[in-house]
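Scroll down for the structure; my scribbles are underneath it.
Values in this text are rule-based calculations from the coordinates and carry no lab data. Just so it is clear, the model here is predicted, and its values are computed rather than measured. Cβ sites come from the backbone with ideal geometry, for glycine too, and all protein chains shown count toward neighbours.
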C-alpha cells in the first residue's frame, strides 16, 4: 500500500484551471479550508464548483475563481447567507446551477456509480424545475408510469474534503455528528484529496470509534494532507467548534472593499502557518 501523504501545495499543484471541483462539508461545517486557502494562493481559475456551499464558495467567489457554481445553497449556518456568494450573484459573476439538497445528493450518487442520471421525486412541484431549465423528467417504464426528475450525474475532475483523522494510505474517519456526503464526493471524482486534523496509524482509526465512522476508503483517495485546525473557521467536531467570532469578522469585512482588502492582507496573503498565527493574534486582541 502506497504512502499518499502530500502537502496542500502539492495538492493544488495537481489542479488546473477549468476543472470541475467538488468540495465536501456542509455550509460552515467541516470544510477543507486549508486546501481552499492554498488554492487561493495559486492562479487557478475558471472553476466549475460543486458544493453544499459555505465559505469555500465565498472565498473563491470573492477571488473571482468561479465560472459556474452547482449548489443547493451557500450559507455560514449561524449567518444565513454567505456574503461573498450573495454579492457575486448580484453582480452576475458566475453561472448558477441550482439543485434541491436531495437532488444534489443523488447527482453525486449517480456520479459515484458512473450512471448518467438517477430518477428522483425530489424537486417535483417546486420552483427548482423553473430556475434550472436543464433538468429533465423521465417516465417509469413499469406499470406505475410515474413521472420522475432525471437528476444528472455530478461528475468531478477532483474533490477536496476534510475529516478528523486519516492514515497515510487514504482511509479517513469522521468523529462528528454527520458524514456530510464526503464519501460520495470522493467516489464521484477522478481524483480525491483528503485533509485531516490528525494523521494516525491505520490500526488507530477504529481504536476508540465505531466501524461506520470510517467514511472514506483508500481506493477512492489520491492524496492525504495533515492540516491541524485545517477546517477553520468552520467547525470540525469534536476537534473544534466553528469560530463564530472570526466568522463574524469575515462577514463584516465582506461588506466593504477596503475592509475586505485589509482582511485579505492579514489572513490570506501568506501560507497556512501565517494564517493560523494571525487567527491566534486575532483572538488575543479580542481578549
Out of 50, 131, 12, any idea which swings most in a Gaussian network model of the chain, alpha carbons joined below 10 Å? 131
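Under the 0.36 nm per residue contour assumption, what length would be gained going from the current alpha-carbon distance of residue 198 and residue 86 to full extension? Intermediate values should be presented prior to the final figure.
On the way: separation 112, 0.36 × 112 = 40.32 nm, distance 3.38 nm.
My answer for the length gained is 36.9 nm.
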Two pseudo-spin positions, 7 Å from Cα along C-beta at residue 130 and at residue 281, lie apart in nanometres by 5.1
DSSP beta bridges in the chain [antiparallel fraction, %, rounded to 5]: 30
Gap separating the Cα centres of the range 178-209 and the range 6-46, nearest whole Å: 16
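Where does each of 134, 240, 267 land when they are ranked from fewest to most other beta-carbon atoms within 10 angstrom? Mind dumping the intermediate values first?
Numbers: 134 6, 240 15, 267 21.
The most exposed by this proxy come first: 134, 240, 267.
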Extend 7 Å from the Cα of residue 241 along its Cα-to-C-beta direction; within the range 261-287, residues with backbone N under 18 Å of that point are 280, 283-284, 286-287
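Which value does Rg/Rh take for the range 77-143 over its C-alpha atoms, Rh per Kirkwood? Please list the in-between numbers first.
Details: Rg = 15.0 Å, Rh = 14.3 Å.
My calculation of the ratio gives 1.05.
Can you sort 136, 165 by how many other beta carbons sit within 10 Å, fewest first?
Starting with the residue having the fewest Cβ neighbours, the order is 136, 165.
From largest to smallest, what semi-axes in whole angstrom does the range 140-287 give when each is the square root of 5 times an eigenvalue of its alpha carbon gyration tensor? Don't jump to the answer; show the numbers that get you there.
On the way: eigenvalues 226, 110, 44 Å².
Largest first, the range 140-287 gives 34, 23, 15 Å.
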Between residue 16 and residue 208, what is 0.36 nm times their sequence separation minus the Cα-Cα distance? Round to one decimal in nm. 65.3 nm
Antiparallel bridges, percent of DSSP beta bridges restricted to the range 36-186 (to nearest 5): 55
In whole percents, the bins of 10 Å from zero upward hold the Cα-Cα pairs of the range 8-143 as 11, 40, 34, 12, 3, 0
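For the chain, what is the calculated [θ] at 222 nm in deg cm²/dmol (nearest 500), taking -39500 (n - 2.57) for each run of four or more DSSP H residues and dividing by its residue count?
Numbers: 10 runs with 88 residues, N = 287.
Helix-only estimate at 222 nm: -8500 deg cm²/dmol.
Taking a ≥ b ≥ c as the square roots of the Cα gyration tensor eigenvalues, with a/c under 1.5 meaning rounded and otherwise prolate when a/b beats b/c, else oblate, which class fits the range 31-85?
Working: a/c = 1.90, a/b = 1.42, b/c = 1.33.
Because a/c hits 1.5 or more and a/b exceeds b/c, the range 31-85 counts as prolate.
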Shape of the range 233-287 from its Cα gyration tensor (a ≥ b ≥ c, root eigenvalues): rounded if a/c is under 1.5, otherwise prolate when a/b > b/c, or oblate? prolate
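Just for the range 136-258, what percent of DSSP beta bridges are antiparallel, to the closest 5?
In the range 136-258, approximately 40 percent of DSSP beta bridges are antiparallel ones.
How high is the FRET efficiency between residue 150 and residue 255 when r is their beta carbon distance and R₀ equals 41 Å, given to the nearest 0.05? Intermediate results must be reported in sequence, preceding the final value.
Details: r = 40 Å, r/R0 = 0.99.
Given R0 = 41 Å and the Cβ-Cβ separation, E is 0.50.
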How would the chain be classified by its alpha-carbon gyration tensor: rounded, prolate or oblate, with rounded meaning a/c under 1.5 and the a/b versus b/c comparison settling the rest? oblate
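Where does each of 236, 186 land when they are ranked from fewest to most other beta-carbon atoms within 10 angstrom?
Numbers: 236 26, 186 29.
Ranking 236, 186 by Cβ neighbours within 10 Å, fewest first, gives 236, 186.
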